[in-house]
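K.L.:
Sharing a structure here in structure tokens format.
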Amino acid sequence: MNIRIERTAVPKAKPDTNDLPFGVLFTDHMFLMNYDKGEGWHDPRIVPYAPFTLEPAAMVLHYAQEIFEGLKAYRTAEGKVQLFRPMDNIRRMNDSAERLCVPKIPEDVFMQALLTLVELEQDWVPSAEGTSLYIRPFAIATDPHVGVHAAHHYLFSIITCPVGSYYKEGINPVRILIESQDIRAVRGGTGYTKCGGNYAASLRAGEKAEELGFSQVLWLDGVHKKYIEEVGSMNVMFKINGKIVTPSLVSGSVLPGVTRRSCIQLLKDWGYEIEERDISVDELIHAAETGELEEAWGTGTAAVVSPMGEIAYEGESHVICGGKIGPVTQKLYDTLTGIQWGKIPDPYGWVVPVC
Ligand SMILES: *Cc1c(COP(=O)(O)O)cnc(C)c1O
């Protein structure tokens with residue numbers, strides 16, 4: 001498919017890349033493509049970044065028919081720009097599309113859109129340590145219709161923003177609150193997709209945890225409120241008695257993270273035994289009390305890995321790994337970021353060069 005490019009007449013000033021906020025500054029251009037029933041996806045184009053015009057009745061504003069993805073472009077020491085496992089994001093977006101009744105986006109068009117946009121915005125990919133260009137593809141239902149059914153018209157867009165290092169002051173383990181009231185997702189729901197609605201439903205618990213001095217919520221399953229699912233908007237992994245334990249994806253209420261998948265591959269190759277299974281909060285608290293819980297961390301594109309230094313449940317608090325980052329967490333961080341920024345070889349074929 002031919003992507004039409006309309007360049008901006010007024011390029012923005014580039015920010016100071018040593019002090020980038022997350023998700024606030026956007027680049028000069030964005031990708032757009034429309035879907036109309038009967039016609040399919042059409043008119044792929046890159047245009048200057050600008051506000052959308054939407055009908056107040058646009059269905060996304062009322063019924064939240066929206067899906068998104070998140071990935072990054074990395075600048076290597078040689079000045080090249082590369083993506084990390086972008087086909088995984090493309091496939092997951094289409095899995096989300098299937099669940100939310102959004103028409104699937106052809107994989108080749110999606111990939112071409114990513115590569116073309118990032119190449120055009122290559123000067124926006126920062127080079128300071130730990131910085132990257134965050135890429136946010138998303139699709140929304142645009143029909144002006146107050147009435148519940150799957151829309152007939154959609155807009156697919158990709159916007160990008162330069163982002164700073166997640167760990168400017170070094171990797172500090174965070175305090176986690178196990179949430180026993182609100183749930184993020186439930187079997188049969190949309191937990192395995194990236195859709196805005198999941199995030200809306202998670203806000204209250206996040207706010208409450210923050211007020212109590214915690215940085216993230218550890219989510220329990222919606223059926224028994226007993227099994228651990230995710231931490232904040234990250235997948236979660238534990239090292240218990242030498243083994244790596246992580247919630248399995250079979251319930252459909254856990255997001256299949258690309259970082260999760262990559263960590264599992266690395267850990268297997270390093271000889272760790274990995275158990276993808278249900279892990280109850282009782283098992284976790286017991287392991288924390290006996291000291292068998294050696295490390296705990298979240299995984300996701302934004303932070304790569306985020307060590308947990310403390311977990312609180314029903315008024316009691318437990319310190320993990322002395323409140324410090326553990327050796328496995330650190331090794332995962334070093335290896336994944338090493339591959340992403342091209343500092344170490346990529347034996348897996350995860351890296352896709354852009355320019
Ligand atoms: C995006 C996301 C993750 C992490 O996925 P990655 O592909 O590793 O970035 C985990 N949990 C939730 C709920 C998410 O939305």
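Every number in this text was worked out from the coordinates using simple rules, so none of it is lab data. These numbers were taken from a predicted model, which means no experiment stands behind them. Note that we place each Cβ from the backbone using ideal geometry, even for glycine, and neighbour counts take in every protein chain shown.
K.L.:
Hey, what does the equivalent ellipsoid look like for the stretch 156-215, semi-axes from the Cα gyration tensor as sqrt of 5 times each eigenvalue, largest first, whole Å? Kindly include the intermediate steps, with their values, before the conclusion.
P.N.:
Values: eigenvalues 111, 97, 20 Å².
They are 24, 22, 10 Å, listed largest first.
K.L.:
When the Kirkwood radius is taken over all Cα pairs of the stretch 1-151, what Stokes-Einstein diffusion coefficient follows at 4 °C and 1.567 mPa s, in µm²/s? If you can, show how the numbers build up before the last one.
P.N.:
Values: Rh = 16.9 Å.
For the chosen part, D equals 77 µm²/s.
K.L.:
Mind listing P(r) for the stretch 112-197? All alpha-carbon pairs, 10 Å bins, whole percents.
P.N.:
For the stretch 112-197, the binned pair fractions read 12, 24, 30, 25, 8 percent.
K.L.:
Further question on the same structure: What whole-number distance in Å separates the alpha-carbon centres of the stretch 246-322 and the stretch 45-78?
P.N.:
The two parts, judged by their Cα centres, are 31 Å apart.
K.L.:
When only Cα pairs under 8 Å and 6 or more residues apart are kept, what is the percent relative contact order across the stretch 47-154? Don't skip to the answer; put the middle values down first.
P.N.:
Working: 141 pairs, mean separation 45.9, N = 108.
Relative contact order for the stretch 47-154 comes out at 42 percent.
K.L.:
Same structure again: Show me, for the stretch 232-244, the HN-Hα J-couplings you get by feeding each phi into the Karplus relation (A = 6.51, B = -1.76, C = 1.60, θ = phi - 60°), rounded to Hz, glycine and proline as x.
P.N.:
Going residue by residue, I get x, 10, 10, 6, 10, 9, 10, 10, 10, 6, x, 9, 9 Hz, with x marking Gly and Pro.
K.L.:
On alpha-carbon atoms, Rg over Rh for the stretch 58-143 using Kirkwood Rh? List each step's numbers first, then the result.
P.N.:
On the way: Rg = 14.8 Å, Rh = 14.1 Å.
Result: Rg/Rh = 1.05.
K.L.:
Further question on the same structure: Given C-alpha coordinates of the stretch 113-256, what is the ratio Rg to Rh with the Kirkwood estimate of Rh? All intermediate terms of the calculation are to be shown ahead of the outcome.
P.N.:
On the way: Rg = 18.6 Å, Rh = 18.2 Å.
Result: Rg/Rh = 1.02.
K.L.:
Based on the Kirkwood radius over alpha-carbon pairs, what value in µm²/s does the Stokes-Einstein equation return for the translational diffusion coefficient of the stretch 5-72 at 20 °C and 1.002 mPa s? Please report the intermediate quantities before stating the final value.
P.N.:
On the way: Rh = 15.1 Å.
After rounding, the answer is 142 µm²/s.
K.L.:
For every other residue with a beta carbon closer than 11 angstrom to the beta carbon of PRO11, add +1 if it is Lys or Arg and -1 if Asp or Glu, then tell me the sum. Please report the intermediate quantities before stating the final value.
P.N.:
Working: positive: ARG7, LYS12, LYS14; negative: ASP28, GLU121, ASP123.
Value of the local net charge: 0.
K.L.:
Related question: Taking the convex hull of the alpha carbon atoms in the chain, what volume per residue do you get, in Å³?
P.N.:
Numbers: hull volume 50.3 nm³, N = 355.
With only Cα atoms used, the chain gives 142 Å³ per residue.
K.L.:
Okay, next question. What's the extension gain from GLU314 to ASN18 if we count 0.36 nm per residue and subtract their Cα-Cα distance? List each step's numbers first, then the result.
P.N.:
On the way: separation 296, 0.36 × 296 = 106.56 nm, distance 4.05 nm.
Extra length from GLU314 to ASN18 when fully extended: 102.5 nm.
K.L.:
Let me ask you something else. Within the stretch 300-346, report the GluC sites (Glu not before Pro) that DSSP leaves as loop and that have at most 15 other Cβ atoms within 10 Å. Don't skip to the end; give the middle numbers.
P.N.:
Details: sites: GLU310, GLU314, GLU316; in loops: GLU314.
In loop regions of the stretch 300-346 (DSSP not H, G, I, E or B), the sparsely surrounded GluC sites (Glu not before Pro) are GLU314.
K.L.:
Relative contact order for the stretch 172-250 using alpha-carbon pairs under 8 Å, separation at least 6, rounded to a whole percent? Can you show the working numbers first?
P.N.:
Values: 103 pairs, mean separation 22.4, N = 79.
Relative contact order, the stretch 172-250: 28 percent.
K.L.:
Oh, and also: Would you kindly give the portion of the calculated P(r) for the stretch 174-340 that falls above 30 Å, as a percent of all Cα pairs? Mind dumping the intermediate values first?
P.N.:
Values: 1220 of 13861 pairs.
Value for the stretch 174-340 (Cα pairs over 30 Å): 9 percent.
K.L.:
Also, I was wondering about something else. Order of ILE344, ILE176, ILE90, ILE285 from fewest to most other C-beta atoms within 10 Å?
P.N.:
ILE344, ILE285, ILE90, ILE176
K.L.:
So if I place +1 on the C-beta of Lys and Arg and -1 on the C-beta of Asp and Glu, and nothing else carries charge, what would the dipole magnitude of the chain be about its Cα centre? I want it in debye, nearest 20. Provide the component values of the computation, followed by the final result.
P.N.:
Details: 33 positive and 46 negative charges, 124 e Å.
Charge dipole, the chain, about its Cα centre: 600 debye, nearest 20.
K.L.:
Among VAL24, GLN82, ILE344, whose Cα sits farthest toward the positive end of the charge dipole of the chain (+1 at Cβ of Lys/Arg, -1 at Cβ of Asp/Glu, about the Cα centre)?
P.N.:
Value computed over the given set: GLN82.
K.L.:
For the charge dipole of the chain, defined by +1 on Lys and Arg C-beta atoms and -1 on Asp and Glu C-beta atoms about the Cα centroid, which residue among SER306, PRO11, PHE214 has the Cα displaced farthest towards the positive pole?
P.N.:
Selected residue: PRO11.
K.L.:
About the Cα centre of the stretch 4-163, how large is the charge dipole given +1 on each Lys and Arg Cβ and -1 on each Asp and Glu Cβ? Please answer in debye to the nearest 20. Intermediate values should be presented prior to the final figure.
P.N.:
Details: 15 positive and 21 negative charges, 26 e Å.
Result for the stretch 4-163 is approximately 120 debye, rounded to the nearest 20.
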